[in-house]
Amino acid sequence: GEVYKERVQGGVRVGGVDGRLSNKQNREGEGKHPRNDPHACSSSVTNSKRSKLDKSPNETRVLQDLARAVALGAVTCDRNNMNARDFDEESVDSDDDDDLSESEEEEDDTTWIMWWCSLRGNEFFCEVEEEFIQDDFNLTGLNTMVPYYDHALDMILDVDPQPDLTDEQQEVVEQAAEMLYGLIHSRFILTSRGMHRMHAKYMNVEYGRCPRVFCQGQPVLPVGQSDVARTSMVKVFCPRCEDIFYPHSHRQGNIDGSYFGTSFPHLFLETYSDLVPLKPTQRYVPRIYGFRIHSSAKSRPRSALSKDPKKETNQDSVSKGDNVNRKA
């Protein structure tokens, strides 16, 4: 017993190892609970074992078994944490794969018509049904107005493009497809299904509001000033004051007016008669210092203040010269 136990200045040396703990070790051990830290539990067991060597062999064996059990539990816990972490990484990877597959499926489901109507500046257009486009009766006469008609129609209906086209021809086909779709659109919005789709956009005020003050923000409808392509740009028609204005956005103002036609807003209001607003009762009256300008003031000749004095002097000199010549 004297070999393994020796007192050195208040400390206990076991097996040649000083059992005194440093201040750093004491500070590190103060903030940890043995139940939460398995290593702290094992160290506490070891310290208690070192400080109490007068225990019986059975008690010493029990403490050793307890330390092994705690260490084994810590290893098992680490393995479980690693397995859980691996499972979470696999689940995240599988979720990412699912998101990528869903995005690819959405891209595959996007048609040319959906893509075209979703472009910035094409908010005035509605999506024309493919059944309407596939009916040759609805496309009567358009083959003589649009170049590369067959190729443009195939592009609109998402038919595989022809490989024998050059890059320049492909650009012309894309422009022709836009023109063809616009002309088809002008016919589709005159049908009941087309008006139903335009009605939803009108109720959402997607065409803007009338800029006239006394119309009180009345929603407007798109209208063309001609049914012939490339004649004029689209305008907006106010049902309250029955006047046309330029669209608020310059992108929408660059749309061909024939893509909506001259009849759409008026036939729309005849179909949805409950949307016809009352005429404005107020009208702007010009005033000067609070007094209305009389209508006779507009028919008066120009006043002396508005005349150019230089022109008057020149006219007077010419008239005097004429009078002198006549007298002579």
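Could you grab me the full set of residues in the stretch 259-297 that are open to solvent by less than 80 Å² (accessible area, probe 1.4 Å), of a type in the set (S, T, N, Q) and out of contact with any helix residue (DSSP H, G or I) (no Cβ under 8 Å at 6 or more places or on another chain)?
Matches in the stretch 259-297: Thr262, Ser263, Ser296.
Output the residues belonging to the stretch 244-258 that are touching a residue at least 24 places away in the same chain (Cβ under 8 Å), within 21 Å of Val213 (Cα to Cα) and either among the β-branched types (Val, Ile, Thr) or surrounded by 15 or more Cβ atoms within 10 Å (Cβ to Cβ) (or both).
Selection gives Phe245, Pro247.
Within the stretch 231-243, count every residue that is open to solvent by 60 Å² or more (accessible area, probe 1.4 Å) and in a loop (DSSP other than H, G, I, E, B).
3
Tally up the residues in the stretch 137-177 that are under 29 Å from Ser232 (Cβ atoms) and open to solvent by 70 Å² or more (accessible area, probe 1.4 Å), please.
Residues flagged as under 29 Å from Ser232 (Cβ atoms) and open to solvent by 70 Å² or more (accessible area, probe 1.4 Å) within the stretch 137-177 amount to 11.
In contact with a helix residue (DSSP H, G or I) (Cβ under 8 Å, 6 or more places away or on another chain) and hydrophobic (A, V, I, L, M, F, W, C): does that describe Ala229?
yes
Please identify the pairs in which a residue from the stretch 191-220 that is under 15 Å from Glu123 (Cβ atoms) has its Cβ atom under 7 Å from the Cβ atom of a residue that is in a loop (DSSP other than H, G, I, E, B) and aliphatic (A, V, I, L, M), counting only partners at least 6 apart or on another chain.
These pairs meet every condition: Met198/Ile189; Tyr207/Val220; Gly208/Val220; Arg209/Val220; Pro219/Val205.
Just checking, does the stretch 214-224 include any residue being β-branched (Val, Ile, Thr), in a strand (DSSP E or B) and either more than 25 Å from the chain's Cα centre (by Cα) or at pLDDT 95 or above (or both)?
Yes, there is a match, as at least one residue in the stretch 214-224 is β-branched (Val, Ile, Thr), in a strand (DSSP E or B) and either more than 25 Å from the chain's Cα centre (by Cα) or at pLDDT 95 or above (or both).
The values are calculated or read from the model by the stated rules, or taken from the named source; none is laboratory data. Everything numeric in this text was worked out from a predicted model, so none of it was measured. Heads up, the Cβs are rebuilt from the backbone with ideal geometry, glycines too, and the neighbour counts pull from every protein chain shown. Please note that ligands, DNA and RNA were not included when accessible areas were found on the heavy atoms of the full protein model with its side chains. Shrake-Rupley method; radii C 1.70, N 1.55, O 1.52, S 1.80 Å.
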